[in-house]
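A short worksheet on the structure shown next.
The values are calculated or read from the model by the stated rules, or taken from the named source; none is laboratory data. Quick caveat: nothing in here was measured; it's all calculated off a predicted structure. All Cβ positions, even for glycine, are placed from backbone atoms using ideal geometry, and neighbour counts span all protein chains on display. Remember, those area values only see protein heavy atoms, side chains included, never the ligands or the DNA or RNA. Shrake-Rupley method; radii C 1.70, N 1.55, O 1.52, S 1.80 Å.
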Amino acid sequence: MVQAKMVFLTLPVKNLNASVDFFTALGFEFNPQFTDENATCLILNDTTFVMLVVENYFKTFTKKNISDATTSTEAILGFSADSREGVDTFVEKALAAGGSASNEKVDHGFMYSGSFQDIDGHLWEVMYMDPNFVQ
């Protein structure tokens, strides 16, 4: 079985400074070693990172068209919270920072999730799963 030691997701953004401001308002930090006028490295945790790359530079990584995340979806980025309240707080913080609503909250009893769109329309999901359910 392959187990990646680190994960890097790369997202195109229209305005790097605005994206940095948005994710900073959510409490994220960035690795300055991998930050310049074209990109920044958003730190999700010790081994998971999101590279936010301005669209013109992102185009140098692919021969395909860049999806317009405000009208189509290629992926949903998800991460966990420590509690149901943590899910609600994070989604509220994202909306207050300029994000927009995505879907209604989903409550399966053992699992609870909320979602939002960042300022470029990328979909994010925050979820909490009762640790007693998954053993």
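A few remarks follow.
- A dipole drawn for the chain from +1 and -1 charges on Cβ atoms has a positive end, and of V7, S115, G99 the residue lying farthest that way is V7.
- In the elastic network of the chain, a GNM with C-alpha springs shorter than 10 Å, the most mobile of G121, G98, G109 is G109.
- Structure remark: mean-square fluctuation, Gaussian network model of the chain, C-alpha springs under 10 Å; the largest value among S19, S113, S80 belongs to S80.
- Largest first, the three principal axis extents of the alpha carbons in segment 67-135 are 39, 24, 16 Å in whole numbers.
- All Cα pairs of segment 4-44, percent lying beyond 14 Å: 48
- When L42, L95 are compared by accessible area at a 1.4 angstrom probe, the order from most to least is L95, L42.
- Answer label for percent of Cα pairs over 22 Å apart (calculated), chosen among (1) 49; (2) 41; (3) 38: (2)
- In Å², nearest 10: area of K93 left accessible to a 1.4 Å probe: 80
- The count of lysine pairs in the chain with alpha-carbon distances below 29 Å, taking only pairs 8 or more places apart or on different chains, stands at 9.
- Each Lys and Arg contributes +1 and each Asp and Glu -1, all at the Cβ; summed about the Cα centre of the chain, the dipole is approximately 460 debye.
- In the assembled protein chains, Y57 presents an accessible area of approximately 90 Å² (probe radius 1.4 Å).
- Remark: relative contact order (segment 17-135) = 22 percent; criterion is Cα-Cα distance under 8 angstrom and separation of 6 or more residues.
- Derived scalar couplings ³J(HN,Hα) [segment 14-31; Karplus, 6.51 cos²θ - 1.76 cosθ + 1.60; whole Hz; x for Gly, Pro]: 7, 9, 4, 4, 5, 5, 4, 4, 4, 6, 5, 5, 8, x, 7, 10, 10, 8
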